[in-house]
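K.L.:
Below: one structure in structure tokens.
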Amino acid sequence: MNGKQKVWMLLSATAKFPWHLALVTITLVISWKVAGWRAALLALFSFGGMWIMGKWLGPLVARPRPSPELISVPEQLAGYSFPSIFALTYASTIGLLAVLFVRKFAGLWRVAAFALCCLLLVAGGTARIVLGAHWPSDVILSYLIGLLWAVLLLRFV
């Protein structure tokens, strides 16, 4: 495994246990600071809802992961390719923060916070694709589902 693959693996690991607990905690704290306790509660509900949806929808769709015969796969993973639980949980946390920042901030803060969230989403999705864990369409569609969920939930803030 080369140095670039190690970086992608490290980034990809942020959505696995126990690191996803840190991701949820950071999202809760920032949501609370930006929009109050309701936003923090919705952040928790957002993460839980997308994690459960990913676990339920994966076997239902049963789309196979990229094959080692087609691309270089450093780690053979169990489970299915769609939906990407990584992308769903990233969209339900980082995506939720991006939408929250757009709603609650103005000017340079809005642009900077939104750009940082988008950068994290792109980096995370790219890591999953480069590592051969998901097809690009899996990540993109999972991000869209997660972001739609975040937008719908933020109506209650």
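The values are calculated or read from the model by the stated rules, or taken from the named source; none is laboratory data. Model, not experiment: these values are computed from the prediction. Cβ atoms come from the backbone with ideal geometry, glycine included; neighbour counts cover every protein chain shown. Calculation scope for accessible area: heavy atoms of the full protein, side chains included, ligands and nucleic acids excluded. Shrake-Rupley method; radii C 1.70, N 1.55, O 1.52, S 1.80 Å.
K.L.:
Looking at segment 84-157, what helices (runs of 4 or more DSSP H) fall wholly within it and have at least 1 residues that are among the small types (Gly, Ala, Ser), over 11 Å from the mean Cα position of the chain (by Cα) and farther than 15 Å from Met50 by Cα?
P.N.:
Answer list for segment 84-157: 96-104, 107-130, 136-153.
K.L.:
To continue, here is another question. Out of (1) part of a loop (DSSP other than H, G, I, E, B); (2) at pLDDT 90 or above; (3) hydroxyl-bearing (Ser, Thr, Tyr), what's the single condition that is false for Ser72?
P.N.:
Of the numbered conditions (1) part of a loop (DSSP other than H, G, I, E, B); (2) at pLDDT 90 or above; (3) hydroxyl-bearing (Ser, Thr, Tyr), the odd one out for Ser72 is (2).
K.L.:
Is there a residue in segment 54-61 that is among the aliphatic types (A, V, I, L, M) and touching a Leu at 6+ places or on another chain (Cβ under 8 Å)?
P.N.:
No, because not a single residue in segment 54-61 is among the aliphatic types (A, V, I, L, M) and touching a Leu at 6+ places or on another chain (Cβ under 8 Å).
K.L.:
Filtering segment 18-40 down to residues that are of a type in the set (A, V, I, L, M, F, W, C) and under 14 Å from the mean Cα position of the chain (by Cα), which residue is most open to solvent (accessible area, probe 1.4 Å)?
P.N.:
That would be Trp19.
K.L.:
Pairs only if they're at least six apart or on different chains, beta carbon under 6 angstrom, first in segment 24-51 and over 11 Å from Leu96 (Cβ atoms), second in a helix (DSSP H, G or I); list them, first residue then second.
P.N.:
Close Cβ pairs (under 6 Å, with a partner that is in a helix (DSSP H, G or I)) amount to Trp32/Ala40; Trp51/Thr89.
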